[in-house]
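A quick write-up on the structure given underneath.
The values are calculated or read from the model by the stated rules, or taken from the named source; none is laboratory data. Because the structure is a prediction, the values reported are computed rather than measured. Note that we place each Cβ from the backbone using ideal geometry, even for glycine, and neighbour counts take in every protein chain shown. The area values use the complete protein model at the heavy-atom level, side chains included, leaving out ligands, DNA and RNA. Shrake-Rupley method; radii C 1.70, N 1.55, O 1.52, S 1.80 Å.
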Amino acid sequence: MALDRQTVVRTGLRVLDDVGLDALTLRKIASELGVQPPALYWHFKSKQDLIDEMATSLLRDTVLVIQPDMPWDEFAAYYGVNLRQMLLAYRDGAKMFAGTYLTDTSIYQRQEASLRLMTNAGFSLADAAEALYTIYAYTVGFVIEEQAVYPKPGQRSEQYDIDHRTERMAHEDVPMATEAGKTVFADHDTRYQRGLSAIIAGVR
């Protein structure tokens, strides 16, 4: 089997879905491909190099439609929701993406278009960059926590079960903290939208 970088990347994403980021190794990817690990080092010198390429591919595959005349706040909301959906596409997607070194510089064209839209709406370049980065950081952080609760879609980690959490806190005098769990570990879609709306309102 002839290996190329994209074959390794796509296989890496499949293995990521199976085992999670911490357990992802070049050896496991090589086993999935039916080759010896040294064959992968021809394309990637380390696990981090592969993760950077996997994350870049994820971003490259994501469609972000930027209409120049789009109201800035509608774009900001769209950007955040689109980013979250991308991160949720794979197990530990947010952990994989955090701190990524982009291997394809053409992707920066999207950043350029986003910043141009924001500055055309009246923001300074510094304020536009800060606004978009704040949404980015909020979204990545939110999804890291979300995927800790739901390692796979619809599969809640037992340690984050609300009833289990309530039982553990029963001997403490913390009624508000106990009640807050119903919000903190409840509907992530609604919670994300509320937080994103708060950021956009602050930027406005």
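Around Leu125, under 15 Å between beta carbons, what's the net of Lys plus Arg minus Asp minus Glu among the other residues?
Numbers: positive: Arg116; negative: Glu112, Asp127, Glu130.
Overall, the nearby charge balance is -2.
Sequence gap at least 6, Cα distance under 8 Å: using those rules, report the relative contact order of the chain to the nearest whole percent.
About 20 percent, as a whole number.
Could you work out [θ]222 nm for the chain from helices alone, using -39500 (n - 2.57) per DSSP H run of at least four and dividing by all its residues? Round to the nearest 500 deg cm²/dmol.
-20500 deg cm²/dmol
For His43, His188, His171, write out the residues from largest to smallest accessible area, computed with a 1.4 angstrom probe and no ligands counted.
Heavy-atom accessible area, descending, gives His171, His43, His188.
Not counting ligands, DNA or RNA, and with a 1.4 Å probe, what is Ser157's accessible surface area in Å² rounded to the nearest 10?
30
Would you give the gap between the C-alpha center of the range 129-144 and the C-alpha center of the range 96-124, rounded to a whole Å?
13
Computed over the Cα atoms of the range 15-80, what is the ratio Rg over Rh, Rh following Kirkwood? Write out the running numbers ahead of the final one.
Details: Rg = 17.4 Å, Rh = 14.4 Å.
Across the range 15-80, the Cα-based Rg/Rh ratio is 1.21.
Membrane-span-like helices in the chain: DSSP H runs reaching 15 Å or more (Cα, own axis), mean Kyte hydropathy at least 0.5?
Qualifying helices: 125-149.
Sort Trp42, Trp72 by accessible area with a 1.4 Å probe, largest first.
Trp42, Trp72
Taking the solvent-accessible surface of protein heavy atoms with a 1.4 Å probe, what is the per residue accessible area of the range 1-95 in Å²?
50
Largest first, how would Tyr101, Tyr108, Tyr133 line up by accessible area (1.4 Å probe)?
Final ranking, largest accessible area leading: Tyr101, Tyr133, Tyr108.
Using a 1.4 Å probe on the protein chains only, how many percent of the accessible area of the chain belongs to carbon and sulfur?
Values: 6110 of 11680 Å².
Roughly 52 percent, rounded to a whole number.
Note down the relative contact order for the range 88-153 as a percent, whole number, built from C-alpha pairs under 8 angstrom at least six residues apart. Write out the running numbers ahead of the final one.
Values: 26 pairs, mean separation 38.7, N = 66.
Rounded, it is 59 percent for the range 88-153.
With a Cα-only, solvent-free Debye model of the range 1-154, what are the log10 I(q)/I(0) values at q = 0.15, 0.21 Å⁻¹?
Those come out to -0.82, -1.28, one per q.
Counting Lys +1, Arg +1, Asp -1, Glu -1, what net charge surrounds Asp22 among other residues with beta carbon under 9 Å of its beta carbon?
Values: positive: Lys95; negative: Asp92.
With Lys, Arg at +1 and Asp, Glu at -1, the neighbours total 0.
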